[in-house]
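Student: Mind looking over this structure? Questions follow.
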Amino acid sequence: MKRKPALAVLFGGNSPEYSVSLQSAYAVLSNLDQERYHVLPLGITRQGRWFLYGGSYDQIAADTWAEDASRLTPVVVSPDPAVHGLLALFPHERRTIPLDAALPILHGGNGEDGTVQGLLQLAGIPVAGCGTLASALCMDKDRAHKLAQLAGVDVPRSRVLQAWEDPQLGVDFAQLVGYPLFVKPVNAGSSFGISQIHGEAELRPAIARALEYDTQVILEEAIPGFEVGCAVIGTQDLVVGEIDEIELSQGFFDFTEKYTLKTSAIHVPARVSPDTARRVKETAKVIYRALGCAGFARVDCFLTPQGRIVFNEVNTIPGFTEHSRFPGMMQAAGWTFPEILNAILGQVVAP
């Protein structure tokens, strides 16, 4: 009987988005073909401790997975590519666990930003999804915009402030481009630390809030219109799902709205013409390739009333719950959740 590939699914993480990762990982683990893969859930606590988890997936969703020590085996990733996997630290022995691939379902810093991808790359473990450089670039809103612009894509006007720089530089930029403005940490995900401001009195507090999540802040002009997203799978040949559209009744698509949809709605397919949908998909492909993405990612842009497409950001590990945007866009294109996962994993694991 053919041996099933050993697949580590990473979840949790020392990140503000720890809880989001648990929900995404629960959906992924529940939809993986257990007959096709030998699945090894690899949990990372909020404090950054790594464990091979042997309990119920329901406990991951409930965030009680780390409470039963009998279900946890401390592990570390071996930097020795000859091991090609993990070192399991049992009480009276050390055991190696070879891995054929790893699927990080980690959101935000210390997981989506290239750190974990670099560790796995050093260990010689194939990673499903974007690699070290692309993950780091896509997390960096300023450098991602610069590279996309060099590839011919429109981007918002912006200004980066270092933590040690005079906030007056931000005031000067705001006077140049006008309000409203977005103030964001340069490196953060899921809208943490992001503010939409409408006047100078709000600027300095918004900068201080963003600096709670990073040492750099980016000020961006607000783009009129609405946000559209595009799910992309592949490295050489790219497959895209139906684009989606975020309808806002007020404010912007902040962390609360992303995960509760209290005053907003997501339409998939987006309510745009076929030609506009085609242009969004082609722009997403250009951005995806310009930033060196591989495996899968969600590319988000703004669509103005005049039909202009403006780059917003790339999520290299987008939300993966049953109701998240990435699987929703692929499902609208006719894919089931297991088929999405098989397409992603098939790029690094032999069938």
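The values are calculated or read from the model by the stated rules, or taken from the named source; none is laboratory data. Values in this document were obtained by computation on a predicted structure and should not be read as measured data. When we count neighbours, we look across all protein chains shown, and the Cβ atoms used for this are built from the backbone with ideal geometry, even at glycine. Each accessible area value is taken on the protein alone, full model and side chains, heavy atoms only, with ligands, DNA and RNA left out. Shrake-Rupley method; radii C 1.70, N 1.55, O 1.52, S 1.80 Å.
Student: Explain nothing, just compute: Karplus ³J(HN,Hα) = 6.51 cos²θ - 1.76 cosθ + 1.60, θ = phi - 60°, for every residue of region 308-319 in order, whole Hz, x for Gly and Pro.
Tutor: Running phi through 6.51 cos²θ - 1.76 cosθ + 1.60 with θ = phi - 60° gives 6, 9, 10, 5, 10, 6, 10, 9, 6, 10, x, x Hz.
Student: How much net charge surrounds Thr132 when only other residues with a Cβ under 12 Å from its Cβ are counted (Lys, Arg +1; Asp, Glu -1)? Display every interim value, and only then the final one.
Tutor: Values: positive: none; negative: Glu112, Asp113.
Net charge in that neighbourhood comes out at -2.
Student: Here are a few candidate values for Rg and Dmax of the Cα atoms in Å: (i) 20.5, 69; (ii) 21.4, 66; (iii) 22.7, 68. Which one was actually calculated from the structure I just gave you?
Tutor: Calculated Rg and Dmax of the Cα atoms in Å: the matching label is (i).
Student: A further question follows. Checking the cross-link filter: which aspartates and glutamates have an alpha carbon closer than 12 Å to that of Lys281, excluding same-chain neighbours under 8 positions apart?
Tutor: Answer for Lys281, where 12 Å is the Cα cut-off: Glu242, Asp244, Asp300, listed by chain and number.
Student: What aspartates and glutamates sit close enough to Lys2 to cross-link, taking a C-alpha to C-alpha distance under 13 Å and skipping anything fewer than 8 places away on the same chain?
Tutor: Partners found: Glu35.
Student: May I pose another question? Which helices, counted as full DSSP H runs in the chain, have an axial Cα extent of no less than 15 Å and a Kyte-Doolittle average of -1.0 or above?
Tutor: Working: long enough: 18-31 (20 Å, 0.49); 200-210 (16 Å, -0.19); 274-290 (24 Å, -0.84).
Membrane-span-like by this criterion, though nothing is claimed about a membrane: 18-31, 200-210, 274-290.
Student: Could you give me the ³J(HN,Hα) list for region 53-63, computed from phi with Karplus coefficients 6.51, -1.76, 1.60 and θ = phi - 60°, whole Hz, x at Gly and Pro?
Tutor: After applying 6.51 cos²θ - 1.76 cosθ + 1.60, I find 9, x, x, 6, 5, 4, 6, 5, 4, 8, 6 Hz.
Student: Keeping all protein chains in place, calculate the accessible area per residue for the chain (probe 1.4 angstrom), answer in Å². Don't jump to the answer; show the numbers that get you there.
Tutor: Values: 15250 Å² over 351 residues.
With all protein chains present, the chain gives 43 Å² per residue.
Student: How much of the accessible area of region 66-131, probe 1.4 Å, is carbon plus sulfur, in whole percent?
Tutor: On the way: 1690 of 2980 Å².
Percent of accessible area from carbon and sulfur atoms in region 66-131: 57.
Student: Check the straight Cα-Cα distances from Lys184 and name the aspartates and glutamates below 15 Å, setting aside those fewer than 8 residues away within the same chain.
Tutor: Asp140, Asp142, Glu202, Glu212, Asp214, Glu220, Glu221, Asp254, Glu313
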